[in-house]
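Working notes for the structure below.
The values are calculated or read from the model by the stated rules, or taken from the named source; none is laboratory data. The model shown is predicted, which means the values in this text are computed figures rather than measured ones. Every residue, glycine among them, receives a Cβ derived from its backbone with ideal geometry; neighbour counts consider all protein chains shown.
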Number of protein chains: 2
Amino acid sequence: MTAPVSVPAAGSRALAHPAPEEIRLEGVLHALSDPLRLGIVRELAVGSDELACSDFDVPVSKSTTTHHFRVLREAGVIRQVYRGTAKMNGLRRDDLDALFPGLLDSLLEAAARQEERLAGA
Amino acid sequence: MTAPVSVPAAGSRALAHPAPEEIRLEGVLHALSDPLRLGIVRELAVGSDELACSDFDVPVSKSTTTHHFRVLREAGVIRQVYRGTAKMNGLRRDDLDALFPGLLDSLLEAAARQEERLAGA
DNA sequence: GCCGTACTACGAGAGCTATCGTACAAGCCG
DNA sequence: CGGCTTGTACGATAGCTCTCGTAGTACGGC
């Protein structure tokens, strides 16, 4: 047992990510049930893997931003890695698609559709 | 404006449900992010529309069960109607599919897949 | 070596959530 | 009617979550 928690690269500053086996659907849904985090994930889905935390235009303080990114990472939704002083963020699309095929796309489309609808289309 | 909150049938004991326009993706995800509620929805998805609250075998007290069903109803995930002393529950599959095509099925499949995986398949 | 940038840690407060037990209401059945 | 079944309301509690500000760490550039 003792799930392989994707051991951090030895020497450097590394961040704990859940192994794919540890990712729980409930956790993913919970992470995405916050509008702010859902927005972050949507931005990440269209952009590249190379978005720093500060590239997002969230209407909360820096500490709160850190908090939300951590929730997303700990739920297994995003991957984070340091690159100098910046922390680059990327969707764990590969892992999520392997665990829950089609789910991420459905969620992203649902979010897009809702935004369109609420915009008074 | 003033969204039509699907006015309850006049005289009888009726329950407030959100109108389709009021259903929010975040709310749905939040409702489903609880293992208990996700389980209820999964049972509802395979069974008929005719399941009473007491037909579910949840490991919590009656009051807590009431609470969870209310969360699901207020998020727009289920429909509830009184039938004698019982309260019958049904998925709002039609409304959900119209708002978020494919999402419900993706979620149900993801849940099934995870259960299979965790059962040590 | 020093400063600025980017992010984290910690502590705190407000608010929501899950849970319970007890007490109660509504409807069926004998 | 009286009792049983089913679910609700209310109050309470513990725990989580979102939010912030302040203080601190890690890294890159001058």
Just the residues that are away from DNA strand C (no atom under 13 Å from the Cβ), without any contact (Cβ under 8 Å) to a residue 60 or more places away in the chain and not acidic (Asp, Glu), please, taken from the stretch A:45-81.
A:VAL46, A:GLY47, A:SER48, A:PRO59, A:ALA75, A:GLY76, A:VAL77
Keeping to the stretch B:55-75, report how many residues are modelled with pLDDT of 95 or more, assigned to a helix (DSSP H, G or I), over 15 Å from B:ALA16 (Cβ atoms) and near DNA strand D (Cβ under 9 Å from one of its atoms).
5
So if I check each of A:ALA19, A:ALA98, A:ALA119, which one is closer than 22 Å to B:LEU104 by Cβ and more than 14 Å from DNA strand C (Cβ to nearest atom)?
A:ALA98
Selected residue (only one of B:GLY90, B:GLY102, B:GLY39, B:GLY47 is under 13 Å from the mean Cα position of the chain (by Cα), closer than 21 Å to A:PRO101 by Cα and either more than 12 Å from DNA strand D (Cβ to nearest atom) or acidic (Asp, Glu) (or both)):
B:GLY39
Taking the stretch B:105-116 and keeping residues touching a residue at least 40 places away in the same chain (Cβ under 8 Å) and within 10 Å of A:SER106 (Cβ to Cβ) leaves B:LEU107
